[in-house]
Amino acid sequence: MTWLRWLSVPILLGSGVVLGLNLVASPGETSPEVRFARDMSAHHTQAVDMSVTLLKRARDPQVRLLAQDMALTQQAQIGQMSGWLMAWGRAPSGQEAPMSGMDRADIGLASPAEVRTLDSLPAGLAEVRYLALMRRHHLGGVAMAKAALNAVKRPETRAFAERVITAQTAEITAIDAMLKARMTVGAPAAPEMRDMPHD
Amino acid sequence: MKRLLVLTLPVLLAACSSNTIQGIKTYSNTSSHVQGKVAYAQTPPAGGAHNPAWQNCGVYDRPLYNEYAVHSLEHGAVWITYPEGLAADQVQQLQQAVAGRTYTLLSPYTDLKAPVVVSAWNAQLQLDSPTDPRLLKFVQNYAQGGTAPEIGASCSGAYGETS
């Protein structure tokens with residue numbers, strides 16, 4: 001019966017690995033990884049929403065191209081984050097609303113009224129307003145990603161947060177140049193870049 | 001190892017059964033794009049043919065056209081409905097339940113038979129009170145998840161009017 005014992009070792013080890021991956025290593029419901037995926041998906045959703053509006057309305061080809069880039073990139077990133085949640089066996093929605101407990105202005109979210117102005121303002125003004133709102137939104141996104149790096153351990157989440165910081169910081173510079181070229185007045189004030197408390 | 005397996009099995013089973021919500025009804029509507037009015041099998045509809053445009057997720061104070069809202073359900077939205085004339089404090093409780101969420105619709109529904117009906121693609125639940133904990137459980141299970149055919153599709157940038 002010794003052979004049976006030896007045979008069973010790799011099988012049991014194998015099942016241990018499977019159990020370990022599914023039950024131990026997957027981030028739990030209250031983990032910073034799951035929270036980040038849900039919060040950042042909701043944050044990205046507003047950027048997609050505003051960008052789709054400008055993709056339809058902008059007459060300036062530079063702004064339209066930026067809006068197209070933002071909408072497609074951020075929607076793809078929402079897909080990446082939803083993919084993690086599915087693989088981790090976590091629902092896309094939590095018991096609490098995403099970003100609950102965070103100061104919505106601190107993380108660069110536009111108010112519902114600000115989002116509506118992108119529809120109601122004349123196209124030229126909506127373009128400038130979009131640039132200013134996206135600038136603030138990106139600053140908030142970078143701050144959220146930086147705060148996440150203090151808490152998350154999963155390599156895919158850390159790499160994602162680092163990409164967000166790099167890409168959105170570069171886009172802020174690009175938006176700054178576009179805003180400067182359009183000599184804006186009355187843009188919404190940008191929050192300082194700083195780490196966001198998660199609770 | 002065997003003991004570990006025996007110990008984890010009940011945990012796994014419990015985790016699965018905790019996802020079932022008492023009183024939920026499920027259907028097998030199918031999807032297609034049509035123009036004009038649609039007669040739906042459920043009230044409010046929980047799936048079926050729908051308009052090519054979807055209703056933007058959010059809070060509305062007037063009834064919605066079924067045909068747009070059903071398209072949002074296909075995209076993974078949860079639609080919370082209440083009868084016109086529901087007490088203001090109860091409407092407020094519903095608004096709080098969806099505040100900050102990106103894949104929910106909240107609207108009154110003409111001649112609704114229960115104080116709250118919450119619908120997703122091919123799933124529906126009637127509730128007597130907005131504070132019933134099953135409401136949030138339903139939202140958590142079905143918003144961007146559950147049985148929606150197009151999880152990951154947008155719930156904004158389309159139709160934002162009411163009926």
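Read the figures in this text as sums done on the coordinates, not as results from a lab. This one's a predicted model, so the numbers in the text were calculated from it and none came from an experiment. Cβ placement follows ideal geometry from the backbone for every residue including glycine, while neighbour counts extend to all protein chains displayed.
Table for the structure above
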item: Loop-resident sites, region A:127-169, for trypsin sites (Lys or Arg not before Pro), counting at most 10 other Cβ within 10 Å (DSSP); result: A:Lys153
item: Region A:50-154, Rg to Rh (Cα coordinates; Rh as Kirkwood inverse mean 1/r); result: 1.02
item: Shielding by partners, peptide B:153-161 (average Cβ within 10 angstrom, other chains); result: 3
item: Restricting region B:46-152 to trypsin sites (Lys or Arg not before Pro) in coil, as DSSP defines it, with at most 14 other Cβ within 10 Å; result: B:Lys113
item: Projected label distance in nm at B:Ala114 and A:Ala25, using a 7 Å step from Cα toward the beta-carbon; result: 4.2
item: Prolate/oblate/rounded call for region A:93-178, Cα gyration tensor, a/c under 1.5 rounded; result: oblate
item: Modelled FRET efficiency - R0 25 Å, A:Lys153 with A:Met86, Cβ distances, 0.05 increments; result: 0.80
item: Region A:59-136 versus region B:57-133: alpha-carbon centroid distance in Å; result: 24
item: Antiparallel DSSP beta bridges within region B:24-142, percent to nearest 5; result: 55
item: Partner chain coverage, peptide A:87-96 - average Cβ within 10 angstrom; result: 5
item: Above-threshold pairs, the threshold being 24 Å between Cα atoms, out of A:Lys56/A:Lys146; B:Lys25/B:Lys137; B:Lys25/B:Lys113; result: A:Lys56/A:Lys146
item: Of the GluC sites (Glu not before Pro) in region A:68-170, those whose Cβ has at most 16 other Cβ within 10 Å and which sit in DSSP loop; result: A:Glu96
item: Dimensions (Å) - region B:49-147, Cα atoms, principal axes, largest first; result: 34, 25, 24
item: Estimated 222 nm signal from helices in chain B, with DSSP H stretches of n ≥ 4 weighted -39500 (n - 2.57), rounded to 500; result: -8500 deg cm²/dmol
